[in-house]
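The values are calculated or read from the model by the stated rules, or taken from the named source; none is laboratory data. These numbers were taken from a predicted model, which means no experiment stands behind them. Every residue, glycine among them, receives a Cβ derived from its backbone with ideal geometry; neighbour counts consider all protein chains shown.
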Amino acid sequence: MMAELGHYALALALGVALIQAIVPMVGAARGDRRWMAVAPSAALTQFGLLLFAFLALMQAYVTSDFSVLNVAANSHSLKPMLYKISGVWGNHEGSLLLWVSVMALFGSLVAVFGRNLPPGLKARTLAIQGLIASGFLLFMLFTSNPFDRLFPAPLEGNDLNPLLQDPGLAFHPPMLYVGYVGLSIVFSFACAALIEGKVDAAWARWVRPWTLLAWAFLTAGIALGSWWAYYELGWGGFWYWDPVENASFMPWLVATALLHSAIVVEKRDTLKSWTILLAIIGFSLSLIGTFLVRSGVLTSVHAFASDPERGVFILLLLCVSIGGSFALYAWRAPSLAGGGLFRPISREGALVLNNLLLTTASATVLLGTLYPLLLEIVTGDKISVGPPFFNATFVPIMVPLFVALGVGPFLPWKRADLSPVLRLLTVAFVFAVAVTAAAALVVWGKAAYALIGIAVAAWLAAATVTEIIRKAKPTASVTWGQAVRRLGNLPRAAWGMSAAHLGVAVVVAGATGASLLTEERIEAVRIGETVPVAGFEFVLTDVHTAPGPNYEATQGVFHVAPTGLTLVAENRKFFSNGQVTTEAAIESTLWYDLYAVLGDPAGDGRYTVRLYFKPLVPWLWIGSTLMVLGGFLSLSDRRLRVGAPRRSAAPAQAQPAE
């Protein structure tokens with residue numbers, strides 16, 4: 001019965017979404033406040049219906065109701081409760097329901113917290129949000145209904161992909177979706193502003209918190225997915241430039257650019273058209289990621305569906321959404337007059353450089369991701385574009401960005417003299433040189449390119465700390481006691497920016513260690529044999545089986561000298577489908593990871609083992625945490641609360657666009 005009620009709620013949500021898309025938009029064009037007032041009520045109603053549908057599907061998973069086709073295909077009665085719940089979104093239909101539910105959540109948040117928004121802008125924003133939701137709900141109801149019944153019901157389900165039965169993958173998709181779908185509300189704000197024909201500092205202030213919220217969750221989702229890939233897949237890496245990894249990374253790059261561009265609109269009333277374009281591109285890349293994951297055009301552990309019919313529907317939805325928004329931009333953007341002028345050497349100039357490098361990097365990733373697909377369509381040839389291409393193209397773009405990131409916060413608005421800024425950064429430069437020289441002594445003859453990453457990370461970290469000190473002690477007359485008090489009074493947005501920039505520096509260092517300084521040994525060993533790796537001695541002391549809740553594990557026990565550590569690596573064979581997964585054994589310190597993987601038997605009593613010494617890898621997760629923390633610190637600043645600003649010249653009622 002709950003499945004039928006959930007299906008009915010989906011159908012009602014579609015009807016409400018259509019009302020939300022049409023009535024407020026017409027009301028805004030006519031200047032009718034009563035019609036515009038429909039938008040918040042419709043947004044809240046739509047969210048309530050979708051929340052009910054989502055909980056109905058969750059109830060079917062928790063109770064192992066195998067009469068629901070989606071549950072039978074993706075669950076098993078022996079699964080731990082956490083994975084029964086995460087199984088709701090661990091498949092195409094359920095993840096799509098999560099997608100539209102999060103979209104409705106953002107609409108309801110604007111309805112509740114957007115009280116100070118001009119009625120016309122609020123109505124148009126929620127109307128566009130309803131229009132996007134309508135497309136996805138149509139897609140669900142006609143091609144991807146999560147509540148389809150199965151008769152006769154099987155006694156047991158097929159189980160969730162064992163690779164997804166992991167705490168990291170339980171929480172990774174919801175975080176990623178809040179980031180992905182959070183960009184939809186920014187997209188809606190941008191399209192509403194284009195229709196209204198007005199982009200100003202107040203609009204930028206309204207958009208920034210939503211962009212920041214989406215960016216913070218997208219950062220957390222990407223980091224959690226990388227962490228899962230690192231310890232679950234047993235290959236020793238954290239990022240492989242997989243097309244679906246890229247699908248989440250590209251919107252992140254554009255959202256980062258959008259955050260900085262919106263600051264220029266707010267502070268200097270310029271870059272309006274460019275900021276609108278970034279908002280459109282960010283969500284468009286999210287839609288492209290949806291197409292890649294669900295269309296069947298690629299095969300990946302991340303991919304959900306391989307049904308061409310679904311792919312055509314998504315492609316049509318993508319063309320309408322992206323094509324329509326770009327057509328609207330081409331029509332209305334010329335009317336968005338620019339604001340104040342600025343010199344290339346200025347805070348605005350630094351932010352423009354930031355935007356150009358970030359968008360170029362995103363375009364490079366997009367090209368590398370789509371080129372194999374386009375080549376196959378045109379010529380039928382199949383190729384793969386992997387890490388060598390991305391490392392050779394993406395990294396050179398990002399290095400100057402990180403260097404400029406250390407300088408930009410010191411520059412004043414409008415015009416600046418670079419000489420005094422560079423003098424302020426003398427200590428940071430000396431620190432970076434000293435750290436690089438010390439690192440050269442350690443890595444000499446191993447990986448010269450690693451020194452570039454270490455130098456950039458040290459520079460950015462030192463420049464960020466210098467910038468914090470300068471805020472606290474801007475002149476020599478300020479005592480250190482006063483400086484400490486000034487630090488305590490700094491806005492949380494300032495602390496958030498510094499934490500995020502420092503997090504970037506730490507991530508760069510971690511990625512450098514993980515990618516260029518790792519030492520690896522792959523050996524076939526017997527129990528009792530020793531394998532030396534980077535000054536450590538790994539001894540395979542035992543291999544035995546151990547029962548799990550829905551699998552049987554083969555465990556390899558390693559003793560590590562001289563630390564005295566014991567590492568236990570596993571291979572898990574699941575009862576439902578016989579699939580085997582790898583669980584790496586990892587011992588983390590602040591400076592390195594020791595990483596052990598038990599492979600298949602190699603005959604003659606030997607087992608294949610993969611052993612790694614991975615310097616600075618923990619810094620990846622520390623830096624990612626700092627970035628997310630920085631995002632939420634900034635979001636908590638009173639000055640960035642949604643709806644805080646008011647337009648000084650807001651009209652009494654919304655007028656139709658000229």
Check: Hey, among the residues in segment 119-152 that are closer than 16 Å to residue 104 by Cα and of a type in the set (Phe, Trp, Tyr), which one's nearest to the chain's Cα centre (by Cα)?
Finding: 136
Next item on the list: Answer yes or no: is there a residue in segment 530-551 that is surrounded by 15 or more Cβ atoms within 10 Å (Cβ to Cβ), in contact (Cβ under 8 Å) with a residue 12 or more places away in the chain and polar (S, T, N, Q).
Entry: yes
Notebook entry, point to check: In this structure, does residue 486 turn out to be free of Cβ contacts under 8 Å to residues at least 60 places away in the same chain, basic (Lys, Arg) and not in a strand (DSSP E or B)?
Noted result: yes
Note to self: If I ask for residues that are surrounded by fewer than 19 Cβ atoms within 10 Å (Cβ to Cβ) and in contact with a Lys or Arg (Cβ under 8 Å, 6 or more places away or on another chain), which ones from segment 584-603 would you list?
What the structure shows: 599
Check: Given the conditions (1) under 23 Å from residue 327 (Cβ atoms); (2) modelled with pLDDT under 90, which single one is not true for residue 204?
Finding: (1)
Notebook entry, point to check: Of the residues 51, 12, 44, which is among the aliphatic types (A, V, I, L, M), surrounded by fewer than 23 Cβ atoms within 10 Å (Cβ to Cβ), within 25 Å of the chain's Cα centre (by Cα) and not in a loop (DSSP other than H, G, I, E, B)?
Noted result: 51
Note to self: Take residue 79 and tell me if it is of a type outside the set (A, V, I, L, M, F, W, C), in a loop (DSSP other than H, G, I, E, B) and in contact (Cβ under 8 Å) with a residue 12 or more places away in the chain.
What the structure shows: yes
Checklist line | Among the residues listed as 254, 244, 264, the single one being modelled with pLDDT under 90, buried (at least 20 other Cβ atoms within 10 Å of the Cβ) and in a helix (DSSP H, G or I) | finding: 264
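Do any strands (runs of 3 or more DSSP E) entirely within segment 510-589 hold 3 or more residues that are of a type in the set (A, V, I, L, M) and in contact with a strand residue (DSSP E or B) (Cβ under 9 Å, 6 or more places away or on another chain), and if so, which?
Passing ranges, in order: 519-525, 536-547, 551-561, 565-574.
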Notebook entry, point to check: From the list 443, 403, 427, which residue is buried (at least 17 other Cβ atoms within 10 Å of the Cβ), within 22 Å of residue 455 (Cα to Cα), β-branched (Val, Ile, Thr) and in contact with a helix residue (DSSP H, G or I) (Cβ under 7 Å, 6 or more places away or on another chain)?
Noted result: 443
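Do we find that residue 386 is in contact (Cβ under 8 Å) with a residue 24 or more places away in the chain and farther than 17 Å from residue 459 by Cα in this structure?
Considered against the rule, which asks whether it is in contact (Cβ under 8 Å) with a residue 24 or more places away in the chain and farther than 17 Å from residue 459 by Cα, residue 386 comes out as yes.
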